[in-house]
1. So what are the ³J(HN,Hα) numbers for the stretch 263-276, from phi and the Karplus equation (6.51, -1.76, 1.60; θ = phi - 60°), rounded to whole Hz, Gly and Pro as x?
2. Just to check I understand the Karplus step: with θ = phi - 60° and J = 6.51 cos²θ - 1.76 cosθ + 1.60, what whole-Hz values come out for the stretch 206-216, glycine and proline as x?
3. Please list, by residue number, everything in the stretch 294-316 whose backbone N is under 13 Å from a paramagnetic label point 7 Å out along Cα→Cβ of SER339.
4. Which order do the peptides 236-246, 280-290 come out in when sorted by mean C-beta neighbours inside 10 angstrom, highest first?
5. Measure off, as a whole percent, the carbon and sulfur share of the 1.4 Å-probe accessible area of the stretch 254-370, all protein chains present.
6. Ordered by packing density, taken as the mean number of other Cβ atoms within 10 Å over each peptide's residues, highest first, how do 419-427, 186-194 rank?
7. Rank HIS171, HIS356 by accessible area, highest first, at a 1.4 Å probe radius?
8. Tabulate in residue order the Karplus-calculated ³J(HN,Hα) for the stretch 286-296, using 6.51 cos²θ - 1.76 cosθ + 1.60 with θ = phi - 60°, rounded to whole Hz; enter x for Gly and Pro.
Amino acid sequence: VKAAKEEAWFGMLRVYGEPEERRDVLESSGVSSQHEPQVQHQLGSLFGVPWQPPSPPTWHGPADQETSMVTRQHWHLQGLGRSELQAAGFPEAQPGEAAESGPSFLPGSEVGQPCSSPPSEEVQSWLRAIPPIPDEVVVRQKRAPQGSWKVGTLRHGKRVYTVAISSSTHHVYTCGSGYIRVWDEGALHAGGKVPQAQLDFQDRQDCVVTCKLFPDEQSLITGGASQAVTLWDLAPTPQVRAQLTSTGPTCYSLAVSSDAHICLAGFQGFVEIWDLQNQILIRKHQVPVYASRCVDITGNMFWTGGEDTTLYSWDLRSYQRLHQYDLENEILSITHDPSEEWILAGLRTSDIAFLHTLRNEKFKVVMKKYTRHHSLKFASCGSYFVTAKDACISGLEAPSLQKLFQVEESSGILCCDVSSDNQYLVMGSKSSAIIYQLLY
């Protein structure tokens, strides 16, 4: 039995640090602006964190002050392969496109002041004698960062459509057309370093547009315009473990379950559900033709969304449709919080929808600004998430939605990732990946 479309009412949330005009919402949008503090308090209680009015925010770079309204976008995918890739908002790298030139590290203002004099040799000897702290007893950051610091740029040479960063090794994987580049931690802070490895595709015309690290960060899965989903072993050296032949020409998004047993691969009009342990296709699940650009998994549910503006939830056991929510604008990204209780959807109008996976709780941050790319990534600690829209990326505290930092880049941001130890933020752009260290 197909689920009826859910009532399109969302409680309104506000990003603290945004201009007041962001709160102007068309009455026809179905977003309620009444009792905002109560709504924000309710969301905080659901996250398990008491809400309090935030203090003045801190961010890196100028705050975005431009607002605009757009009508619902209906752009249709046409053709196959490269044309299908372009239609989905991933322009191809131009032939002969070279890496950006110039210095890879341009420091901003100083963070702190140096000591007036270096420590004595006795103090230095004592410090050297302290044994290193074992990794297993290191407590990861659970609080939200208060700023960001640009530490370097990784010259990928072509458009970086998707990127991943591990916390155990701080290796970065930049993916695009023709190859994947692997960067070690030394390259994050040293300008001009070459990648540790380059993984060339058999067909140099293949292009990776989506990737996911496994929870243990020992494996990577990639998809794109290659008619296959590829499993990579990352240690001791990256190499292909298996290629899972797909039934569609272009995979637009991937999701991996928290136990790494199940993978979803989103194609136009259907989702492939893979058993990763046995490397077999469990099901080719049909969805509305323009509702599979984005996929995600939370517990025994999975989620799909795309150009038709509707977010769908499905039962991972019976494959029945559970709910559908009209978000009124094209869905460009989906992510979830670490507890898997909340789903966040990034929209074409820069809006962010929050939906509880088990209860009928729905909220929306209304921005009303057209964007070509909108990436979302929730930090593993659960205290904040990042949202990248065109050339701007922001960190927002959860659940208060206080703006923690904001970065403006010179070119469009195509993707982003946060290391699971919450130390680094990496974003992919026209020909490189930019690395920011998060400050606490």
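1. Listing the rounded values in order: 10, 9, 10, x, 10, 5, x, 7, 10, 8, 10, 10, 8, 6 Hz.
2. My calculation for the stretch 206-216 gives 5, 9, 9, 10, 8, 8, 9, 7, 5, x, 7 Hz in order.
3. From the stretch 294-316, the list is empty.
4. Result, highest mean Cβ count within 10 Å first: 280-290, 236-246.
5. 44 percent
6. Going by the mean number of other Cβ atoms within 10 Å, highest first, we get 419-427, 186-194.
7. If we order HIS171, HIS356 from most to least accessible, we get HIS171, HIS356.
8. 6, 10, x, 4, 10, 10, 9, 5, 10, 9, 7
The values are calculated or read from the model by the stated rules, or taken from the named source; none is laboratory data. Just so it is clear, the structure is predicted and the values come from calculations on it, not from any experiment. Neighbour counts run over all protein chains shown; Cβ positions are idealised from the backbone, glycine included. These area figures cover heavy atoms from the full protein model, side chains too; ligands, DNA and RNA do not enter into them. Shrake-Rupley method; radii C 1.70, N 1.55, O 1.52, S 1.80 Å.
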